[in-house]
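Report on the following structure.
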Amino acid sequence: MDTQELFAALQMLSKERSIPIDALYAALEKAIITAVKKDYKEREEREDFVFCHINGEDETMRVYLRKNVVSEILDDATDILPEQAQKYKENAKLGDIIEIDVEPRGLSRVVADKVKHVLRSGLREAENGIILDKFAQILGQILTVRVARIDHTTGDAFVELGKTEEILPRSAQLPEENFREGDLIKIYVADVKSQERGKPRPVLSRKDPGLVRRLFELEVPEIGDGTVILKDVSREAGVRTKVSVYSDDEVVDPVGACIGSRSQRIGRITDTLAGERIDIIRYSEDLAEYISAALSPAEVIRVEVDEAAHATRVIVPDNQLSLAIGNKGQNVRLAAKLTGWKIDLASETDEKGPIIDLSKEL
């Protein structure tokens, strides 16, 4: 294949694979450099003596070695004597740097095969780079997707994302959810994973706390425009979530803004989350006040703070203890995750020791 045929093939490949032509040129340059370096096995890791430049506008390609003109050769990959250098550059002298062209047509069949191999690898990298860029644009976003099919053995759902099907694992679905083919659901793009072999894949989830955060940003205009700040989210997906909010605008009620008129805003969010209970907490810089609010709906008598241990001891009325703890410790556990502080609970008449210790959960 001559140079003209090569550029025509690259243009065709660019259109067929929807890969920018510059990415193909970069892949080919890398392939040729790698192939030429194979003739210098002990120096393959070096990047300072083999160069390749492809000019797409002129459809020209140049491969060359860069060598230092020296009086004594210490490395034949990078050094050349003056009399040898003068074959490539007239009047070459000590200290000069010369460039010696390597004709691509002169590459051996073995080297050419290596170029093809590395170029294929480069194409995969280029394609994967495009996929990564595409997924990066939706990272941290909520998407409405159609369920294409269900694996009834594993419970995994496969959803339509553009022209491909991506997996929403059973482990990333809410506990009581049972999707059917054709269902329209909202999913959160939590991450993008680059696989050692194969194309990058998005990590889709309905359990990630980021889904709750983005739903509030979409449903509550005051959060979207920055009037209300969503501070923290702690979630036990499918069951209960606590969200803390605040506003610097004294006129704005951040909790009321999130609930909305007739609870319409919070209602739409809980509907999207299959009825998951959501507690909206008013954030405060005062730790005792914040922790008291985080333990709602339970009432709090006193909060004792141990800064050194990053822990708090919370005293509640006797008849509020079970409410503060919650079902299987859920309320106090979520409050601890929300505030980032260890919380020990004790009743008003029994303050000798903590009733529940969340240090392991944190």
Going through the DSSP H helices of the chain, which span 20 Å or more along their own axis at the Cα atoms while scoring at least -1.0 as a mean Kyte-Doolittle hydropathy? 3-17, 21-37, 109-136
Please list 200-210, 278-288 highest first by mean number of surrounding beta-carbon atoms within 10 Å per residue. 200-210, 278-288
CD proxy, 222 nm, the chain: helix-only mean residue ellipticity via -39,500 (n - 2.57) per DSSP H run with n ≥ 4, per residue, nearest 500, stands at -9500 deg cm²/dmol
Return the distance in nm (one decimal) between the two label points of a simple spin-label model at residue 128 and residue 153, each offset 7 Å from Cα along Cα→Cβ. 2.8
Charge dipole (the stretch 208-283, unit charges on Cβ, about Cα centre) - positive-most of 256, 283, 234: 234
In nm, to one decimal, how far is the modelled label at residue 271 from the one at residue 93, with both set 7 Å along Cα→Cβ? 8.5
Taking N as its residue count, the alpha carbon Rg of the stretch 203-283 over 2.2 N^0.38 Å: 1.02
Across bins of 10 angstrom width beginning at 0, how are the C-alpha pair distances of the stretch 145-205 distributed, in whole percent? 22, 56, 20, 1
Tell me which trypsin sites (Lys or Arg not before Pro) from the stretch 5-100 have a DSSP coil assignment and no more than 12 other beta carbons within 10 Å of their own. 87, 93
nm² value of the averaged projected area, convex hull over the Cα atoms of the chain: 30.0
Please work out the FRET efficiency for the pair residue 249 and residue 186, using the Cβ-Cβ distance as r and a Förster radius of 41 Å; give the result to the nearest 0.05. 0.90
Report the label-to-label distance for residue 146 and residue 288 in nanometres (one decimal), using points 7 Å from each Cα along the Cα→Cβ vector. 5.9
In the chain, what percentage of the DSSP-assigned beta bridges are antiparallel, given to the nearest 5? 75
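Where a number appears in this text, it was derived from the coordinates with a stated rule and is not lab data. Since this is a predicted model, take the numbers as computed values, not measurements. Reconstructed Cβ throughout: ideal geometry from the backbone, glycine too, with neighbour counts over all protein chains shown.
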